[in-house]
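Nothing in this text is a laboratory measurement; each read-out follows from the coordinates by a stated rule. Keep in mind the model is a prediction, meaning the values are calculated, not measured. Virtual Cβ from ideal backbone geometry, glycine too; neighbours counted across all protein chains shown.
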Protein chains: 4
Amino acid sequence: MKRDLDAVKKVKEGAIFDAALRVIKQRGFHKARMSDIAREAGISYGLVYHYFANKEDLFDVIANRWWADLFGLMAELKDSDAHVHQKLGRVIFYFLDTYHRSPELMNIFITEISRSSTNLTSARLEDFKGFMAETERIITEGQEKGVFRTDFKARYLTYIFLGSLEAFVSTMVLADQKIKGDPQKRRIAESILEVFVNGARNQQRS
Amino acid sequence: MKRDLDAVKKVKEGAIFDAALRVIKQRGFHKARMSDIAREAGISYGLVYHYFANKEDLFDVIANRWWADLFGLMAELKDSDAHVHQKLGRVIFYFLDTYHRSPELMNIFITEISRSSTNLTSARLEDFKGFMAETERIITEGQEKGVFRTDFKARYLTYIFLGSLEAFVSTMVLADQKIKGDPQKRRIAESILEVFVNGARNQQRS
Amino acid sequence: MKRDLDAVKKVKEGAIFDAALRVIKQRGFHKARMSDIAREAGISYGLVYHYFANKEDLFDVIANRWWADLFGLMAELKDSDAHVHQKLGRVIFYFLDTYHRSPELMNIFITEISRSSTNLTSARLEDFKGFMAETERIITEGQEKGVFRTDFKARYLTYIFLGSLEAFVSTMVLADQKIKGDPQKRRIAESILEVFVNGARNQQRS
Amino acid sequence: MKRDLDAVKKVKEGAIFDAALRVIKQRGFHKARMSDIAREAGISYGLVYHYFANKEDLFDVIANRWWADLFGLMAELKDSDAHVHQKLGRVIFYFLDTYHRSPELMNIFITEISRSSTNLTSARLEDFKGFMAETERIITEGQEKGVFRTDFKARYLTYIFLGSLEAFVSTMVLADQKIKGDPQKRRIAESILEVFVNGARNQQRS
DNA sequence: TATGAATGAGGGTTCATTCAT
DNA sequence: AATGAATGAACCCTCATTCAT
């Protein structure tokens, strides 16, 4: 009974969340009006405030969702025995998959979360550093295992990896390209991975 | 006489322009108030409207300045006989140098121009495509001359190159890192270039 | 059975009433939210509307309670054979006692009922005039019996009496002073009474 | 030149101030809308914010004006050699005169400043205590000079004096009575003073 | 050129009240 | 009786832009 009510609450909260994603994607955070979000969600104006304290809070929830999911993946990879290539592949796939499932969320990450220094609180900056550190950990592991060249700092290779990934995704985001299905997703992921892996591979001949 | 007046006009216009850069960097375009910009420029806020039609126009001028300068460089490179490595080095150096001379402008490019789909008019999207096409032309030239591997599409290599470059610069922008002088600038530029060139180089042995 | 239900109803109604007193005291009528009152009463806020038509009505009930009790006293005094001094003492004691039993109600009388012209409907103004007339009646009786001087209009002496009383109580209300028990209450009451009586007494020597 | 501009500014500020007094008197602070005040002042909505930071600030200015004027009087009395009766007369006259010149300000003092614990910041509470202390100083002086009885604490006599005064004024405020001119003002002042002085006078026969 | 007073549309937020369950 | 989701009018405040001087 209580469960059902909670479920209903979650459903409506999710509806507002999704509506917010769409509106923010289309108009940007600053130009997104609470009234737009309400209309998009098919509810009355005031109800948004029943579920979210205010506009800022709504945005925080979106950002937190993003980071929670991403850090969930990174935690998983940390404990994994998979090959370094596979780990990086998972990261790439995660971005592509998120873009596939929710282009709006990906868009907001690219346009509002990852760049706008206006929205960048110190808490958020920590998220960034944390994500980059986790990625660098994988790169370092690759260097230690002789998979990646060691004449460049792991930090630099990390920049290249994430920069390349972001460039691909950004381009798709800006051009509003659709990913049609898993095969295409896999193909793109492999391309990115191979390009990077080849570029960063340890070229010492045994 | 006319010259002098124009010069005076240019001077004040430049002062407003610079003030706008600083304010927009700090507060973001949406939160930047015309009154902030006027105060920063040391003039009354009504006067801003003598030099710029409105806030949007002011932003356009900033964006246009960015693109005009960048396309100036790209046109130069197109007519140049320099080695592909040198051309890419010039592009990298351009970003670093701009960041060095005007961190504000670089910041605005990263946070407001390059990502915000809100500010992205179709005209602006063309600028992006144009810049990417010019870069791709250099990469293609590299492939044709046997400098870069050809088993990846030039477009993909372009993503990697620009993505890497942007990642480096973005990190500096977000972390508010200062570039101390030309030597450091050169060192960073060479690192980026070498990383990319090594990653993309044609590995065929003759 | 019916009785029990009514009793239950009264109990909950009283709980809401008391909660309203506390909240209105703390936040003032305008800033007091129905949800605050409900939370303070430990019920859902929809339920408040089962017992009170709306916020205005809730306030009316509070004000009416105040006036009903006060007029109850005044009616009692009218039929009484007690000495004028005793009657005035009863009035003073009533205010102090109300303050002792329910500082919130006294506070609301002082801050919301007795002064705010915003809350002052014509019906409420009549209550005021009525109370003042009843008090004046006692003063007049005192003049007729030779207890009070007659060279001042009874109306003026009434102002002094009620004004003094209110000043004492207001000060306690604003300073949030507690009355510890009956002895203290009696002492304060006697002070006020004596001060006024001495001031107003008929100074003719026989 | 600059003087003129400042003068113009003061004039408009005063117009808004007066409009605010009227609106707040009529509707109370909470129900007074900034739009009402603007319309009452005959200016546009936003202009109010040119002169006052916000609604709270506008109210603060009103309250400060009240206290500044009142404390001006009290400071004057402190340095004066006038008879105690005269000093108290000045206080009474001050309230009546203020009511005469600006019934709205007096009304706001009675209904919003002097009672509403909602509006009562600690700074404001200090104002109250200060005013009461200054009044008590006069009463004490009267006791020391043998003018007032000493068998009651000066604090109690102060309550009576101020309470009586406030009761008179409140009644006029609530009943919206007009004071027609100086003669009437003087007559009322004398009545209040005489009533209090007679009540508080030292009754010892030499 | 230069100033800053003046305008008013726009949008975030609050909260009394209703109503389905 | 009881809950709290749902509604939407109301109101404060911001700030781009205009305009008289």
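Quick notes
- Both the radius of gyration and Dmax for the range A:45-93 are 16.5, 51 Å, in that order, over alpha-carbon atoms.
- Residue-normalised convex hull volume from the C-alpha trace of the protein assembly as shown: 268 Å³ per residue.
- Taking every C-alpha pair closer than 8 Å and separated by at least 6 residues, the mean separation divided by the residue count of the range D:59-200 gives a relative contact order of 34 percent.
- Taking A:Arg187, A:Arg65, B:Arg22 and counting other C-beta atoms within 10 Å, the order from fewest to most: A:Arg187, A:Arg65, B:Arg22
- As a ratio to 2.2 N^0.38 Å, the alpha-carbon radius of gyration computed for chain A takes the value 1.16.
- For B:Gly46, label point 7 Å along C-beta direction: distances to other copies, nm: 1.4, 4.4, 5.7
- Converting phi to 3J(HN,Hα) with the Karplus coefficients 6.51, -1.76 and 1.60 and the offset θ = phi - 60°, the range A:9-17 yields 4, 4, 4, 5, 4, x, 5, 5, 4 Hz in sequence order, with x at every glycine or proline.
- Helix D:154-175 axis, angle to chain D major axis (alpha carbon atoms, nearest 10°): 50
- The ranking of B:Met106, A:Met34 from fewest to most other beta carbons within 10 Å of each one's beta carbon is A:Met34, B:Met106.
- Footprinting exposure proxy for B:Val61, D:Val173 (fewest neighbouring C-beta atoms within 10 Å first): B:Val61, D:Val173
- Positive-end residue of B:Leu70, B:Met34, B:Ala53, charge dipole of the range B:1-83 with Cβ unit charges: B:Met34
- Inter-probe distance in nm under a simple model that places probes 7 Å from Cα toward Cβ, at C:Ser44 and C:Thr150: 6.8
- Rounded FRET efficiency, nearest 0.05, which uses the C-beta distance separating D:Lys10 from C:Glu126 and R0 of 45 Å: 0.55
- Taking the convex hull of Cα positions in the range A:1-52, its mean projected area over all directions (nm²): 3.4
- 0 to 90° range, to nearest 10: angle between helix C:122-144 axis and chain C longest Cα axis: 30
- Of C:Lys185/D:Lys25; B:Lys31/C:Lys55; A:Lys145/B:Lys87; D:Lys10/D:Lys31; A:Lys55/C:Lys31, pairs whose Cα-Cα distance is over 30 Å: C:Lys185/D:Lys25; B:Lys31/C:Lys55; A:Lys145/B:Lys87
- Under 5 Å between amide hydrogens, built in the peptide plane, is the criterion, and for D:Arg201 it picks out D:Arg149 among residues at least 5 positions away or on other chains.
- Selected from D:Phe131, D:Ser170, D:Gly146, residue furthest toward positive end of dipole (the range D:92-179; charges at beta carbon): D:Gly146
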